[in-house]
Structures are given as C-alpha cells and as structure tokens.
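Following: one structure in structure tokens, then a few remarks.
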Amino acid sequence: MEEIDDMFESSLNLEEIHFKEGYSEGYGHGLDQGKEEGQQVGLKVGFEVGEELGFYRGCINVWNSVIQVDPTRFSDRVQKMIKQMDELVAKYPVMDPENESIQGVMDGLRLKFRAVCATLNVKLEYIGYPKTAQDSKEFEF
Amino acid sequence: MEFYEGACELKLLQTLEGHTDRVWSLAWNPATGTADTPLVFASCSGDKTVRIWEQNPSPSSSSSSSSSSSYSSWNCKAVLEDTHTRTVRSCCWSPSGKSLAVASFDATTSIWENVGGDFECVSTLEGHENEVKSVSWNASGSLLATCGRDKSVWIWEVQPGNEYECVSVLQGHTQDVKMVMWHPTLDVLFSCSYDNTVKVWADDDDDWQCVQTLGEPNNGHSSTVWALSFNKTGDKMVTCSDDLTLKIWEMDGTSMQSADGYASWRHLCTITGYHDRTIFSVHWSSEGIIASGAADDAIRFFVEDKDGLVDGPSYKLLLKEEKAHGMDINSVQWSPGEKRLLASASDDGTVKIWELASLCTGNGY
C-alpha cells in the first residue's frame, strides 16, 4: 500500500514541485537582476547628486574668491546667503542616501541659489539630467 | 452714514475701452485723488500692455463740491508696451505713487517710473520659473513681493539706484499662488493659492518663514482662494474663493504680545449664499464696504450687519449690480480719496468706473 501511495504522491505533488523549482529559479534570477539594477541606479543617483553639489560648490568657490578680492562687491545679504549655501553643501550627508534630511538640504540649496542668482542678476542654471528618464538602463556609465 | 439694502445705487460713470484683450486687474495710484492731483490708475491686460488712466481735472476745481456729483471724464494717459512678451497679469503702485510694479506671464516683473511725463521701465526682476501672478509693495515701500504659478513667493528689497535684491524665495504652497498682499501697517506678507489656503509669512531678521496657514481645518476655503483684502485698520481681512464664499478673518489681539511679536489670525464669519459663480476679486473700502467681482459678471457690496442676531459679526448684502460687465469680472478696486468710486476690470476688455451713490437726499458723503 505504501508503495502505491509513494507513486501517487509524486504526481499529486507535481504542481508543488514545479512551483518550488520555478520559484527558486525566479528568485535567484531576480536577486542577480536586482543587484545589477541597484548598482546602476546607485551610480546614476550618486552621479546626479554629486554633480549638482559639485556645481554649487564651484559657484560658491568663485563667489568667495570675488569676496576676498573685493569685499564690497557683494552686499552683506548676498554674502550671508553664499555662506549659508556653503554650510548646506558641507552638511549634505553624501555617504548616507537614506538620511531623511537630504531632500530638505537640497531644496534649501536650490532656493538659496536662485535667490543669489536673482540678486546678482546672473542667469546661472544647473541643468542636471532629465528627470523624465526613469529607466536606469538608458544611462551607460 | 447708515447702510441698508436699497439705500444706495451704483452709477456707471464711464466705460473705458482701449485694451485689445481681457483686462486682468487694475490698481489706483495711492498718491492721487487729492485737491491738486487728479485720480490715476493703471490697468493690465492680456494684450501685454499696461494702460495708465487719469481723470481730467474738473472745470470747477475749487473746493470740494460735496453736493453735486460733478464728475469729469477719464483718459488714457500712457500705454506701457513693448516690454513684456506675454500677458500682464497684475500691477501695484508703491506707497509714494512714484513706482509701478508690473507682473507678467513672461515670468518677469518690471518696475516703471514716471520720468518727466513718460513712463520708463527702470528695472526687471527675474527669478520665477513661469507666470508671475501678483505683485505687492509693503507699507513703507521698502519691500516688494511677487508670486506665481511656480508655487513660490519672492521677497525683494529696494536698494538705491533701482537695484532690487532678492531677500528670500519662499516655498510652502503646493499649487499656483494667485495673489500676494502685504499687511497695511506691519511687514507681514499674505499669499493665497490654488491649494485652497492663505499663508502668512513673517521674518526674524531676514529669515522669512510661513508663520500660519489658514486652510480648511481653520474654517478656511474649500477651493482656490483668489484674492484677499484688509480693512482700513488692518485688524480684519476678507478672502474670496472659487468655493463661492467670502470669509472674514480677524487678528487675534491677545497674542500680539507674544515673544515673536506675531499675532495669529482666526476665522470670524463666512458670507455664503450670495454668489453662484467663482469670486475673483474682493476689496474692502476705507468706510467698511466690501466689494466683490465674480464670474457671473456681477458686482456685489456687503457691509457689517449691526442688527445681526447671531453672536459675532455678520455681513449683509447692500447692493448687487447684475450684468455690470458682459463677461467675468477679474478685479474690483475702490479709489483713494473722498469719493466713493469703484473701478472694475473684465474679460470683456473694458474697465468701468462706478460711483456708489446714496439714494437718500440730503445725505451726501
């Protein structure tokens, strides 16, 4: 009797066996693909953030040089804003992308940047990467 | 003067044509309307120009003629053109009447001055990402605020030589900001938006923050807030909305002595049931008459109901002028000076000058 049970058992469990096989295959595949995409997204976002922060750092450095050469060239208010931008760039948690404050710091930087540009009457604009491109595969680094 | 329904009539003095597209808004020059200076106002249009209108000095320009409503006609004195590349949406005179700030859909704000009879553009403020919707000078004329579809509010400080320095870029509204207006005496800024709220902004040594948001939880509007206006003393404010109501707010006097010196605002009452289309504009006169302009082409006037039986102030309709214009009314503004004049601007491309006259004889203003 037991042998008959064993014989039928494998055919009754056929669906379950195949399911388990498929699952572990899919899971493994997903794991690999996730790692690859994760790496690409990480590189992409890291690059974008780095580039924007670098852009502001570059502007701040030039403006600070101007202030050193001629301290009266920029008003007190603009100097204060540039200093605040400097602090924000330094404060951005580069190594901690999950940090809650990153959006706040970046928003603050963008607003201060626009205010400084408007006052200095310069048309600087950080272009960055098009936000509509969601597919990380479009970016081959 | 007692106000009750039927006590007044609205007389149309003149219809001003000239703009070739809808007229969005208008602003009276606050330094005009005295014995020596005839009334002047500016109108803004979809035709990308601003027109300056002036009342002709009356022939019998001796002392105020209080009994006769002798009125003289209005003329277009100047057209400010070839500057903005898109619709001019609103304008505001500085308190001294010397400068006119103009907000445009082309994302810039221009500043004009009357130089020997001609208006010249002396400065252009850039910064907004898209359409600038409103502009307002503070009481002392030292600060200028702008707002726009990019959801931000900008504060600029006037420097010598027509230089404008950006003091702050304020984010907070989640949608298009329709109007900004400074409090009549304090350096506190108010903004209203498509996001249904009114925001109050105050500064702590140049650091501007939103100190209060008046939204639905505070008995605020349930749809776009289009405009706001203060009463003469600045302790009350009226807002108008796409939700078909006017709301009266008052400054909470008890918190005036708070540490940060900022007094909060609270809802006083809602004027409902009188409008059945969006109310685009509202203006509180120095005598306490609230004028509203709506999408149903009508102008309505409200006054405080002193005989009201409810506890707390209520407001009643004084007069309704249907078909005041052929299309939506975008702006209503009381004139400065003694006479009870109102100007209205409409999608029909015209500006109309009205006089709210008393029907009771022997009761002049």
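What to note about this one:
- Meeting the requirement of 2 or more residues that are surrounded by 10 or more Cβ atoms within 10 Å (Cβ to Cβ) and either among the small types (G, A, S) or under 28 Å from the mean Cα position of the chain (by Cα) (or both), the helices (runs of 4 or more DSSP H) wholly within region A:1-94 are A:14-69, A:76-91.
- Applying the set (1) surrounded by 17 or more Cβ atoms within 10 Å (Cβ to Cβ); (2) on the phi > 0 side of the Ramachandran plot; (3) of a type outside the set (G, A, S) to B:L356 leaves exactly one unmet item: (2).
- Applying the criterion of being among the charged types (D, E, K, R) and touching a Lys or Arg at 6+ places or on another chain (Cβ under 9 Å) to the residues of region B:3-40, the residue that is farthest from B:S281 (Cα to Cα) is B:E5.
- Listed by position, the strands (runs of 3 or more DSSP E) contained in region B:66-133 that have at least 1 residues being out of contact with any strand residue (DSSP E or B) (no Cβ under 6 Å at 6 or more places or on another chain) and under 16 Å from B:V180 (Cβ atoms) form an empty set.
- Subset of region B:203-228 [of a type outside the set (S, T, Y) and assigned to a loop (DSSP other than H, G, I, E, B)]: B:D205, B:D206, B:G215, B:N219, B:G220, B:H221
Here is a yes/no grid of residues against (1) within 14 Å of another protein chain (Cβ to nearest Cβ); (2) within 18 Å of A:Y126 (Cα to Cα); (3) in contact with a strand residue (DSSP E or B) (Cβ under 8 Å, 6 or more places away or on another chain):
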{"residue": "A:N64", "(1), (2), (3)": "no, no, no"}
{"residue": "A:K80", "(1), (2), (3)": "yes, no, no"}
{"residue": "A:D86", "(1), (2), (3)": "no, yes, no"}
{"residue": "A:K91", "(1), (2), (3)": "no, no, no"}
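- Some residue of region B:167-178 being within 14 Å of chain A (Cβ to nearest Cβ) and under 27 Å from B:S292 (Cα atoms): yes
- Candidates B:K98, B:K151, B:K77 - the one that is charged (D, E, K, R), within 14 Å of another protein chain (Cβ to nearest Cβ) and over 16 Å from the mean Cα position of the chain (by Cα): B:K151
Values in this text are rule-based calculations from the coordinates and carry no lab data. Fair warning: this is a prediction, and the values are worked out from it, not measured in the lab. Cβ coordinates were reconstructed from backbone atoms using ideal geometry, including for glycine residues, and neighbour counts include every protein chain displayed.
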